Each structure stands twice: as C-alpha cells, then as structure tokens.
Amino acid sequence: MPDYATLKAIHVGCVAASLAGFVFRYLLMLADSRLLAARALRVLPHVVDTLLLASALAMVWQLSLNPLRVPWLGAKILALLAYIVLGALALRRGRSRRARALAGLAAILVFAYIVAVALTKSAYGLFAG
C-alpha cells in the first residue's frame with residue numbers, strides 16, 4: 001500500500017478532478033448540450049470517484065480513524081451523501097431545468113463544505129473556532 005503522503009496526493013488530485021468534472025458536466029447540462037451523453041463523460045467520473053473513495057478509505061485505514069468517533073470525518077461522510085444526491089438531481093434526476101440548476105449550485109456548496117471540513121478537521125468547516 002502507498003504511504004500516507006502518496007495517498008493524500010492522489011486523493012487531493014482526485015478531489016480537484018472530481019469537482020472540475022462535475023462543474024463541466026453541470027455547465028453542459030445548463031447549456032442543454034448533447035456532449036453530456038458522450039461515453040467519456042459518463043465513464044470518467046466513475047473512475048475518478050472510485051480512486052477518490054479508495055484513497056480516502058486507505059488513508060482512514062492507515063490512520064485508524066473511526067468516523068463514529070471522529071466528528072469531522074462523520075460530517076464529511078454525511079455531506080458526501082448529500083453531494084451525491086444533489087449531483088444526481090443536478091445532472092439527471094431533477095424534474096425541471098430550474099430544479100437541476102438549483103441542485104447543482106447546492107452540490108457545489110456542499111462540496112466546498114466538504115473541503116473546508118477536510119482542511120480544518122472540524123465539522124464546522126470554515127466556522128471552526
């Protein structure tokens with residue numbers, strides 16, 4: 001297994017790639033572009049997100065962290081679930097274009113919260129005191 005520094009570098013790179021990919025697909029959705037149906041845009045996010053999750057699990061394993069006992073980690077996991085639901089609503093499942101647009105903005109805000117929690121190691125994110 002790679003060392004922690006390598007896992008963290010992979011994780012951070014995947015975080016950036018995941019957000020960039022989501023924002024790109026979100027903008028394509030807003031533009032009602034047919035590119036959104038391209039095979040690469042349907043497959044690549046799953047590859048990136050799988051690497052992102054695998055690196056996160058490996059870091060949690062190496063550090064022996066328990067999300068039930070580490071509040072900031074539990075908060076990240078709950079926020080991740082919210083991000084997944086909002087992302088699905090934004091890109092596919094939203095009933096109207098307006099609903100998809102709002103879900104996309106909310107997903108980006110939740111993503112920012114997840115990053116803030118990761119940086120501060122506090123469930124309060126940027127409001128950590």
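Of the listed requirements (1) over 19 Å from CYS14 (Cβ atoms); (2) without any contact (Cβ under 8 Å) to a residue 60 or more places away in the chain; (3) in a helix (DSSP H, G or I), ARG100 misses just one: (2).
Go through (1) assigned to a helix (DSSP H, G or I); (2) farther than 18 Å from LEU19 by Cβ one by one and return the number of the condition ALA123 breaks. Here ALA123 meets the rest and fails (1). Within the stretch 70-85, residues that are closer than 16 Å to MET59 by Cα sit with their Cβ atoms under 7 Å from residues that are of a type in the set (D, E, K, R), at 6+ positions apart or across chains, in these pairs: TRP72/LYS121. Among the residues in the stretch 10-17, are any surrounded by 14 or more Cβ atoms within 10 Å (Cβ to Cβ), of a type in the set (Gly, Ala, Ser) and assigned by TED's automatic domain parsing to the domain that holds PHE127? No. Among the residues of the stretch 52-67, at least one is outside any helix (DSSP H, G or I), closer than 25 Å to ASP3 by Cα, free of Cβ contacts under 8 Å to residues at least 12 places away in the same chain and not polar (S, T, N, Q). Against the criterion of being acidic (Asp, Glu), farther than 20 Å from PHE111 by Cα and not assigned by TED's automatic domain parsing to the domain that holds ILE108, ASP32 qualifies.
The values are calculated or read from the model by the stated rules, or taken from the named source; none is laboratory data. Given the structure is predicted, the values throughout are model-derived calculations rather than measurements. Using ideal geometry, Cβ is built from the backbone for each residue, glycine included, and neighbour counts are taken over all protein chains shown.
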